[in-house]
Amino acid sequence: MTTLLRIAPEEARRRGDAAQLLGARQTVTGEPLAPILAASSAALGEGSVSAAQVGVLARCLRELPRPTGSRDR
């Protein structure tokens, strides 16, 4: 991706991480799933938040202790 898009490896990694968190997903059988950060994905699409703000949110969520459930996130 770095060669194709002519971007730095760090930027390619950031974009890949964002796609995993914000992009549509599907099950093995092809059923659609919401993005991991569905609300953030929608807000980014609406222009309510910036990519940098979503990045900060994702970083904060990664740093939460593992026992923290998705409901509390």
Over the chain: helical MRE at 222 nm, DSSP H runs n ≥ 4 each giving -39500 (n - 2.57), nearest 500: -16000 deg cm²/dmol
Mean separation of Cα contacts under 8 Å, 6 or more apart, over the residue count of the chain: relative contact order %: 16
Crossing angle, helix 9-22 versus the chain [Cα axis fit, 0-90 degrees, rounded to tens]: 30
Inter-site label distance for residue 59 and residue 19 at 7 Å from Cα along Cβ, in nm: 2.2
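Rounded, prolate or oblate: which fits segment 2-63 when a ≥ b ≥ c are the square roots of the eigenvalues of the alpha-carbon gyration tensor, with rounded for a/c under 1.5 and prolate only if a/b beats b/c?
Cα axes put segment 2-63 in the oblate bin.
Readers should treat all values here as calculations from the given coordinates under stated rules, not as data from a laboratory. Owing to the predicted nature of the structure, the values given are computational and were not obtained by experimental measurement. Cβ: placed from backbone, ideal geometry, glycine included. Neighbour counts: every protein chain shown.
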